[in-house]
Amino acid sequence: MGTRAVFLALGIAFYKLGMTRVNLNVHPENIAALTIYVRVGFEICGSHPFISGGKELEMHLDRKRFEACNPRFRNIHFDKAE
């Protein structure tokens, strides 16, 4: 279910809202989230200290990579924002 939610959120971001890139921060210990993010195409682009200790990974995904990593998603259409 988590993967589907991320796919839907990215579909809205890229196709309805017209975004070209999505960035996120995640704790490296959050293996479930990392697995989903990598599965849909996110790449680790850096890290930074977390306010309460440890670090957070910085990840990004652009629309072209999303489409390349998820060819079946091209058949889903979202109405454009008005």
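Taken together, the values in this text are just the output of simple stated rules run on the coordinates, not laboratory data. Source: prediction; values computed, not measured. Note that each Cβ is placed from the backbone with ideal geometry, even for glycine, and that neighbours are counted across all protein chains shown.
For this structure, a couple of remarks:
- For the chain, the mean residue ellipticity at 222 nm estimated from helices alone is -9500 deg cm²/dmol, where every DSSP H run of n ≥ 4 contributes -39500 (n - 2.57) and the total is divided by all residues, rounded to the nearest 500.
- Segment Ile51-Ile31, extension gain: residue separation times 0.36 nm, minus the distance between their alpha carbons: 5.2 nm
- Relative contact order computed over segment 2-79 (Cα-Cα under 8 Å; 6+ residues apart), in percent: 34 percent
- Dipole magnitude of the chain, debye to nearest 20 (Cβ charges: Lys/Arg +1, Asp/Glu -1, about Cα centre): 320 debye
- For segment 54-71 versus segment 4-50, the inter-centroid distance based on Cα atoms is 6 Å.
- Between helix 31-40 and the chain there is an angle of about 30 degrees, using the helix long axis and the longest principal axis of the Cα atoms.
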